[in-house]
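*Asks:* Quick one: the structure is below, questions incoming.
What follows is calculated from the coordinates using simple rules that are stated; it is not laboratory data. Since this is a predicted model, take the numbers as computed values, not measurements. Cβ coordinates were reconstructed from backbone atoms using ideal geometry, including for glycine residues, and neighbour counts include every protein chain displayed.
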Amino acid sequence: MTETSTQQLDALIVGAGFAGLYQLKTLRDDLGLRARLVEAGEGVGGTWYWNRYPGARCDVESLSYSYSFSPELEQEWEWTEKYPTQPEILRYAEHVADRFDLRRDISFGVRVASAVYDEGRRRWTVTAESGAVYDARFLIMATGCLSVSKAPEVPGAERFGGPIHHTGHWPYEGVDLTGQRVGVIGTGSSGIQSIPIFAEQASELTVFQRTPNFSMPAGNRPLGTQEITDMKENYREWRAAQRTSGFGVPVPAPTMSALEDTEQGRAARYQTGWDQGNLTAVLNAYTDTLTDKAANETAAEFVRDKIRSIVDDPATAEAMCPTSFAFGTKRPCLDSGYYATFNRPHVSLVDLRSTPLQEITERGIRTSDGEYEVDTIIFATGFDAMTGALNRIDIRGRDGRTLADEWAHGPRSYLGLAVSGFPNLFTVTGPSSPSVLSNMMVSIEQHVEWITGCIRDLTERGRTEIEASDEAQDAWAAHVEEVGNATLYPTADSWYMGSNVPGKPRVFMAYIGGVGPYAEKITDVARRGYEGFAMT
Ligand code: N01
């Protein structure tokens, strides 16, 4: 194919992460469609392709963070650690691509610039930055929730004399920080995972913290042969439990309010979750941790006490105690030695709340307190989450309406799967679905299977177009908002709320109704003949 020739397809999938790989497999192998997957990177893996910073791991356990669609794949793949490292997850994605012979239908190094719906032909014309054009009946955006990284909003990066790296697109060949003075901006999951490793290499490490986060020890360890065997024998039951759970990770349902328990009872329960390195065990310890400020405060204070007991310098410990948001309303982290890293003599914390960041200079980073000279700067400053990857593509639906305009006041989507005015376009783990509030593997499979079933049903009925109605979308948006407002999530300034990106509308972008109830809802919609959609 030349760069300007048009490829005729039944379906084009954008993004070769876990969503795109599985979507390609189901559309090509199960439905027999002419499907193609395009990917901006030079390999598969999506978020695990780009986020190769040292220390990157998933904080869902290996045995649960994997595909369930192939029992053979489940049996043959061997995870080695409790929480999988980025290199191991990437090897898994590569293995899946090879095992199911997916690569022959993937084009790497293709960044999509625009997608325009032709209402007459009921087809999408998708154009890549290279000029390549794809003409497809269905367009499936598997572009990820955390794939557009953001830099800190400070001037001067261009004049810094040394290298600047972002954790979200870490250099392929790695970075050697041995003996260097390193400055890290950002203390979310990416910062918290990588800072202990940067500290191993750097001669001086300065961490610039705007908002401290809650973190717990991951308790990572090699997996035992017996636990792997047990899981492999019981995978079917486990997968079923994942799909009906709240977060895509089965944990016993809480039965009691945190405020009804005794102080000792609470301490014991939180300690168990802390010792297990299990975020969900703490988040789900009581019925009201995520809905009642006072109940939540008991979990928050438990973690703060841990921070005070680990960090030697009391002023540093206090600066690292989160107080401006409820526990769990910004994504809590799992770490390996994060707090103890600040006891090392060459590691220091700069509290940007008392001394704000002002600029990047030729030699380092300036706050209101003065200039910190460093050799390398690392931005661990997160992402334009959920909508960033979709809005950066010029997507035009009915009447030339752009998705970016439609979402100017926040994303609106029917079930997180489809958008009114954009027929035959599907989003995998899109805004308004459980996505980032769940084990992504479970939500990805749920969406891919729903989309595949929808395209199959549509085709079997001899229809060529499906579109969410405005009314159904509004009703879903109201439900997502209502359920979100019953929790503490909207009280935080978080990327869930879009508030980490200046100017982004403040909307709670995920559905907190639970993976299981959500699955029932979307299955019912399909069973009722795609209620809320129009088929033409
Ligand atoms: O990004 P973040 P992340 N000046 O947005 C700070 C997933 N993930 O890449 O909080 C100064 O969480 C910002 O400060 P503040 C996971 O879902 C998963 O770490 O905005 N500071 C914050 O401290 C996670 O939640 C895994 O005040 C600035 C940090 O940068 C999500 O990805 C691992 C600033 C950004 O934290 C994102 O995590 C890694 C500025 N101008 C990531 N701008 C696992 O599965 C931003 N900051 C384990």
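*Asks:* Return the calculated 222 nm mean residue ellipticity for the chain, to the nearest 500 deg cm²/dmol, obtained by summing -39500 (n - 2.57) across DSSP H runs with n ≥ 4 and dividing by the residue count.
*Replies:* That comes out to -9500 deg cm²/dmol.
*Asks:* Quick one: if you stick a label point 7 Å off each Cα along the C-beta vector at Q8 and S114, how many nm between them?
*Replies:* 2.3 nm
*Asks:* To make sure I understand the rule: partners must be lysines, Cα under 19 Å from the Cα of K306, and not fewer than 8 residues away in the same chain. Which ones qualify?
*Replies:* K330
*Asks:* Return, ordered by residue number, the residues of segment 165-206 whose backbone nitrogen is under 20 Å from a label point located 7 Å along Cα→Cβ of N343.
*Replies:* What the label zone holds, given the 20 Å backbone N cut-off, is 192-202, 204-206.
*Asks:* With a sphere of radius 12 Å drawn around the Cβ of D493, what net charge do the other residues whose Cβ falls strictly inside it have (Lys, Arg +1; Asp, Glu -1)? Walk me through the intermediate numbers first.
*Replies:* Values: positive: R210, K330, K504, R506; negative: none.
Here the charged neighbours net out to +4.
*Asks:* Another question, if that's okay. To make sure I understand, if each residue's beta carbon is the centre and we count other beta carbons within 10 Å, what order do I195, I228, I455 fall in, fewest to most? Show your work: numbers first, answer last.
*Replies:* Details: I195 27, I228 15, I455 23.
The order, fewest Cβ neighbours first, is I228, I455, I195.
*Asks:* Assuming 0.36 nm per residue, please report the length gained on full extension of the stretch K293 to E42 beyond their Cα-Cα distance. Before the final figure, lay out the partial values.
*Replies:* Numbers: separation 251, 0.36 × 251 = 90.36 nm, distance 4.55 nm.
Separation in residues times 0.36 nm, less the Cα-Cα distance, equals 85.8 nm.
*Asks:* I need the semi-axes of the equivalent ellipsoid of segment 1-71: take the C-alpha gyration tensor, multiply each eigenvalue by 5, square-root it, list largest first in whole angstrom.
*Replies:* Numbers: eigenvalues 150, 68, 7 Å².
Ellipsoid semi-axes (Å, largest first): 27, 18, 6.
*Asks:* Follow-up question, since we're still on this one. Please report the projected area of segment 460-536's Cα convex hull averaged over all directions, in nm². Walk me through the numbers on the way to the answer.
*Replies:* Details: hull surface 26.6 nm².
In nm², the orientation-averaged hull projection of segment 460-536 is 6.7.
*Asks:* Rounded to the nearest whole Å³, what is the per residue volume of the convex hull around the Cα atoms of segment 106-225? Before the final figure, lay out the partial values.
*Replies:* On the way: hull volume 28.5 nm³, N = 120.
Each residue corresponds to 237 Å³ of Cα convex hull volume.
*Asks:* So what is Rg over Rh here for segment 215-307, counting just Cα atoms and using Kirkwood for Rh?
*Replies:* Values: Rg = 15.0 Å, Rh = 14.6 Å.
Rg divided by Rh gives 1.03.
*Asks:* What number do you get for the chain when its Cα radius of gyration is normalised by 2.2 N^0.38 Å, N = residues? It would help to have the intermediate numbers written out before the result.
*Replies:* Values: Rg = 23.2 Å, N = 536, 2.2 N^0.38 = 24.0 Å.
Taking N as the residue count of the chain, the ratio is 0.97.
*Asks:* Largest first, please: the extent of the C-alpha atoms of segment 182-230 along each principal axis, to the nearest Å.
*Replies:* Taking max minus min along each principal axis of the Cα atoms, segment 182-230 gives 44, 25, 12 Å.
*Asks:* Report, to one decimal in Å, the Kirkwood hydrodynamic radius for segment 167-323 based on all distinct Cα pairs. Don't skip to the end; give the middle numbers.
*Replies:* Numbers: mean 1/r = 0.0542 Å⁻¹.
Averaging 1/r across every pair of different Cα atoms and inverting gives 18.5 Å.
*Asks:* Using the Kirkwood radius over C-alpha pairs as Rh, can you work out the diffusion coefficient of segment 250-296 via Stokes-Einstein at 10 °C, viscosity 1.306 mPa s, in µm² per second? Mind dumping the intermediate values first?
*Replies:* Values: Rh = 10.6 Å.
My calculation gives 150 µm²/s for D.
*Asks:* Which FRET efficiency, nearest 0.05, do S257 and R398 yield, Cβ-Cβ r, R0 45 Å? Show your work: numbers first, answer last.
*Replies:* Details: r = 48 Å, r/R0 = 1.07.
For S257 and R398, the calculated efficiency is 0.40.
*Asks:* For a footprinting-style exposure proxy, rank L283, L21 by other Cβ within 10 Å, fewest first.
*Replies:* L283, L21
*Asks:* Give me the one-decimal Kirkwood hydrodynamic radius in Å for segment 398-536, with the sum taken over alpha-carbon pairs. If you can, show how the numbers build up before the last one.
*Replies:* Numbers: mean 1/r = 0.0647 Å⁻¹.
Final number for the Kirkwood radius of segment 398-536 is 15.5 Å.
*Asks:* Across segment 67-119, what fraction of all alpha-carbon pairs, as a whole percent, falls in each successive 10 Å bin from zero upward?
*Replies:* Each 10 Å bin holds this share of Cα pairs: 18, 38, 24, 15, 4, 0.
*Asks:* For segment 198-254, count the residues as N, evaluate 2.2 N^0.38 Å, and divide the Cα radius of gyration by that value, please.
*Replies:* Values: Rg = 18.7 Å, N = 57, 2.2 N^0.38 = 10.2 Å.
In units of the globular-protein estimate, segment 198-254 measures up at 1.83.
*Asks:* Convex hull over the Cα atoms of segment 410-491, averaged projected area in nm²? Please list the in-between numbers first.
*Replies:* Numbers: hull surface 23.1 nm².
Taking the Cα atoms of segment 410-491, their convex hull projects to 5.8 nm² on average.
*Asks:* How long is the gain from Q264 to T459 if the chain were fully straight, where each residue apart is worth 0.36 nm and the alpha carbon distance is subtracted? Walk me through the numbers before you get to the answer.
*Replies:* Working: separation 195, 0.36 × 195 = 70.20 nm, distance 5.93 nm.
Here the answer is 64.3 nm.
*Asks:* If you wrap a convex hull around the C-alpha atoms of segment 30-169 and split its volume per residue, what is the figure in Å³? Show your work: numbers first, answer last.
*Replies:* Working: hull volume 23.3 nm³, N = 140.
Considering the Cα atoms of segment 30-169, their hull volume per residue is 166 Å³.
*Asks:* In Å, what is the Rg of the alpha-carbon atoms in segment 334-458, and how long is Dmax?
*Replies:* 21.8, 64
*Asks:* Using every pair of alpha-carbon atoms in segment 83-144, split the distances into 10 Å bins beginning at 0 and state the percent of pairs per bin, rounded to integers.
*Replies:* The percentages, shortest bin first, are 18, 37, 29, 14, 2.
*Asks:* Subtracting the Cα-Cα distance from 0.36 nm times the residue separation, let me have the gained length for Q226 to M535 in nm, one decimal. Walk me through the numbers before you get to the answer.
*Replies:* Numbers: separation 309, 0.36 × 309 = 111.24 nm, distance 5.03 nm.
Answer, rounded to one decimal: 106.2 nm.
*Asks:* While we're on this one: Quick one, can you get me the convex hull of the C-alpha atoms of segment 412-454 expressed as volume per residue in Å³? Provide the component values of the computation, followed by the final result.
*Replies:* Working: hull volume 2.3 nm³, N = 43.
In segment 412-454, the Cα hull volume divided by residue count equals 53 Å³.
*Asks:* Here's a follow-up. Net charge near F214: determine it from the other residues with C-beta under 10 Å of the C-beta of F214, scoring Lys and Arg +1 and Asp and Glu -1.
*Replies:* Around F214, the charge tally is +4.
*Asks:* If you consider only alpha-carbon coordinates, what radius of gyration and Dmax does segment 246-368 have, in Å?
*Replies:* Cα radius of gyration and Dmax of segment 246-368 are 17.2, 56 Å respectively.
*Asks:* Right, something else. Can you give me the pair-distance distribution of segment 127-188, C-alpha pairs, 5 Å bins, whole percents?
*Replies:* So the P(r) values, bin by bin, are 3, 9, 16, 19, 16, 11, 10, 8, 5, 2, 1.
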